[in-house]
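Below: the structure, in structure tokens.
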Amino acid sequence: MCETDQALRADQLQFTCQNCVGWIKCNSWTRSKEVAEHQFVITLFKDRKPNALVQVSVIDPHKQHLVSHACTEIVEANKDPLFLTGVTFPSEYPASPETLVKLTVYDAKDKSQESSSLLGSATFSVGDLLKAKDERLTLSLRSSDGVCTAGTVVVSRLKMGEMEEVDVDHITTDIPSQKCPLVCEWFFLTSFCVPLSVFKNPVCKVYRFQTVDSKWMLVREQMEECTLSFSIPKQLLSLYIQEDMSRVQDLRELGDLSPHWDNLRKEVMTRYGETISSYQETLAELDKVTGRSFKPSCCKAQKSLEFIPINLHTQRMRVTCPRKTDACYDIVTVGAPAAHFQGFKCGGLQRLLSRYEGEKKSFSTAYQCIYYSPEHTAKAQEVLSTMSLLQPLITSLADQLLQAAQERSSTGLRDALKSLSDKTENLVHTLKDELVKSALLALHAAQPGYVSKNQKQTAVQGGQHKGHIHQGSEQNQSPVQELPGHSPATLVTESIVVCNNVEGSQTTTKGESVSFPLKHQDSIPHHKEYDEEEWDRAWANVAKCLTCVIAMVDKLLEDDNSKQEPVPEQQLADVITSHNLGEWREQLCPPVTRLKECVMEVVEKAKKAMTFVLLQEAACSIPQGFLLQQRRDVVFSQALAALACGFIMKLYAGIQDKGFLRQLHLVGMVAQFESLLSTYSEEIGMLEDMETGISDLQRVMFKITEAKTDDLGDLQPLVCGRRDHFTVEVPLPRLFFQNLPEEIKEGKPLRVFPVLFNVGINEQQTIAERFGDISLQERINQKNFEILEAYYKSLSEKVPLECLPCFQTQTDIKELLETLGQNVITKKRKNVEILWIAGTICRRLNGIRFTSCKSAKDRTSMSVTLEQCALLRDEHQLNKDFFIRALDCMRREGCRIENVQKNIRCRKYAFNILQLMAFPKCYRPPEGTYGKVDS
């Protein structure tokens, strides 16, 4: 093989492993000496200076097909334009040394680029650039006829992270030879070590901006889709189906119930069946979706995709400055988690849930049920969840104890006993809850053939009128009425007393006379054969059995120690033969078996009691409660997919940061959601949905595991749990997992603290502030400020502040929190400083940043680009003269306009001029980048 071929192959390998990026700077356009032949060039520049932009296209040498690849920003009225926007070729781009790149320079008559004239073009191959001396090519710009020269282009190549200090004058000032430099840069992707199983389809944009000390910084944007957009909702749907099917089975296992309760059970099971069927259909539809990893904004109200987050993307900005360490800034953009398919005619979750809780009290009377507060319903779910975890664990530990006894292992016996004691005590503590006891009484009263005490009263007492009922209720409280959080007036009504016989139930419901009085205090009646202390004895038996097991283990260990003392030789043989190897197990087996039986007995009873609580809660909420639960499932699914995406991105970014990992397992991580929704019209409902969805994320824990292999399939996060508590398991490759702290490797649950701050910025918010109501926004910001403040207090107590990242701005976090608190309570229209300060605090606290609007496309793009430029200004000394230009570059040709293109097939932000007049100035896009489009 010749040396040239070898070099070419080396260049090809290098190109396919790296990314190519470039910039263009056009100096004064060359005027041909043949004036008559090139009159159009002279005429063009006679009256005005051109508004130059460069279109970059790629020509595949095999297909001979020209593909538009990138475009620079427009530099207005300048014969020596300096372009800040770069050109990048991703590592997976199908290019080779033979691939041709065509640069076409235009004069844009208007900023929309709809009217422009050709100035000249030049073509080069990738191989030419790779082999060029000093990695620089000098090319001539040719006019449309290909005859005359309109100027020159210099193409250069650099590497991200290895940028040399360049004399600014060498690049930016007019060069006598009138050359137009195009800088091509190659990126290594080692710093973006995130699994391809989670992030895919990157879009890269590169810029160079001038700093205050006249140096150049290199800025790279990378936007990616996240496969969790679909995988997390699909897993959640499977868990929802599994949980609801389990709930139906629990209802069946309640046993025989009176006709009234049996009818309610059947109706509730029917509703569960409808939900299960609907979720199964949705899951089947999602399984049909292939090759797609995000939901475009135009599909936000599509039924089959309602569980999928809208337009979920990650965005990372990487900054390289001379003599400074590279810095990366991450953000997750997603449409506000909301049930768009169900609509917002009646509001969102926050309002609907509040209204529903008020109506549920009247429903409980109509359905002859006990009204349970949301706290008690949540407690019932918690008890069920705890028992489902503890019972198999106790059984397993009991078997381990017997195995240790079989092996006569003193150490194993002590360890197993300690774990068994801890878990059994936890179970007993759970079962002692008064809710369990009262629910058992209510379940007993709902069984067939039940006769209450007051049914046995004499006919003389039956003459008492109904007005006596309420008088008696004040003097005698039922066990449930004594529970905190219950409303005595809305507990089980007198109808429950007779609901176990059909005739009595019907007459009571219709208000007809009965032959015996009904007292409100007997809403949970007392069966003549049911001892109220039976349940206390049941869970106490578990504790007694545990005490017996502990005593037996202590006795065995004590006897073993005494036998190890010196004994006369004549007694040694007797000691050995009288104690067989399995003797410990034989002695320990009876109390352990009794413990397991008692645990099974109380768990079975408590499970039925809590299922009965949930039956009553479900019965008095038909059908509204089931519809609200479905809405909540939809919103939570979208929110969790976004959170999991941000967690994984942050985890990989800080995998080598010991301070961050310490903070993660000691305290947890803050997840700050920035919302730009207005508090007017439908967006109020979206914000109410979003508030509940973000708040529900408090029920989520993360756990990091070691991946079985490094295959992409084994690196997918897994979700487990039920609605009251979910755990997201994040597998890491072995190389990363080994470097984690022991606490994380042992499976310690990692907490996330979600906070939401909202400031509306559009014209609808103007209406809300002047004529409407913004109390929702004020309440959300105040509530979440308190959560953020509490998180910082906990963090400062448990983790040295040296573990937090360092920033150029030295403002103390405590001072930032004080400023945020003042802004939250200040009555100021469109106070976007709340968002800016909250975002700054989040980054200072090593948190995850999220930005949302209705579709994460237009307002979100304005916010993300503004935040990026603010970071360049505050942390990397961006020259103030370049701030607006940098902002316009990112909004006109950056990743966000590509996001718009992906969503609606049009490179226009969905704003009109009247809307933008109501926007804060820093949130307005550059002219020519917006218009009326379908979003």
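Points worth noting:
- Test for Leu384: is it at pLDDT 80 or above and closer than 17 Å to Phe612 by Cα: yes
- Strands (runs of 3 or more DSSP E) enclosed by the stretch 107-196 - at least 3 residues per element that are small (Gly, Ala, Ser) and modelled with pLDDT of 60 or more: 116-125, 149-159
- Checking the stretch 818-835 against the condition returns no match, with no residue being in contact (Cβ under 8 Å) with a residue 40 or more places away in the chain, assigned to a helix (DSSP H, G or I), out of contact with any Phe, Trp or Tyr (no Cβ under 9 Å at 6 or more places or on another chain) and not hydrophobic (A, V, I, L, M, F, W, C).
- Members of the stretch 322-339 that are more than 13 Å from the chain's Cα centre (by Cα) and crowded, with 23+ Cβ neighbours inside 10 Å: Ala338, Ala339
- Residues of the stretch 234-253 classified as open to solvent by less than 60 Å² (accessible area, probe 1.4 Å) and closer than 20 Å to Glu604 by Cα, total: 7
- Entry remark, the stretch 838-880: residues being closer than 23 Å to Val799 by Cβ and without any contact (Cβ under 8 Å) to a residue 60 or more places away in the chain number 2 in total.
- Residue check for Glu434: open to solvent by 20 Å² or more (accessible area, probe 1.4 Å), closer than 20 Å to Leu390 by Cα and modelled with pLDDT of 90 or more: no
- Positions within the stretch 890-917 being among the hydrophobic types (A, V, I, L, M, F, W, C) and surrounded by 15 or more Cβ atoms within 10 Å (Cβ to Cβ), in sequence order: Met890, Cys895, Ile897, Val900, Ile904, Ala910, Phe911, Leu916
- Out of Leu286, Leu257, sole residue that is closer than 30 Å to Ser388 by Cβ and either buried (at least 19 other Cβ atoms within 10 Å of the Cβ) or not aliphatic (A, V, I, L, M) (or both): Leu257
- Of all the listed residues (Gln868, Gln808), the sole one being open to solvent by 70 Å² or more (accessible area, probe 1.4 Å) and polar (S, T, N, Q) is Gln808.
- Test: residue in the stretch 410-423 that is open to solvent by 10 Å² or more (accessible area, probe 1.4 Å), over 20 Å from Glu617 (Cα atoms) and part of a loop (DSSP other than H, G, I, E, B): no
The values are calculated or read from the model by the stated rules, or taken from the named source; none is laboratory data. As the structure is a prediction and not an experimental result, all values here were calculated from the model. Note that we place each Cβ from the backbone using ideal geometry, even for glycine, and neighbour counts take in every protein chain shown. Note: accessible area is taken over every heavy atom of the protein model, side chains too, but ligands, DNA and RNA are not part of it. Shrake-Rupley method; radii C 1.70, N 1.55, O 1.52, S 1.80 Å.
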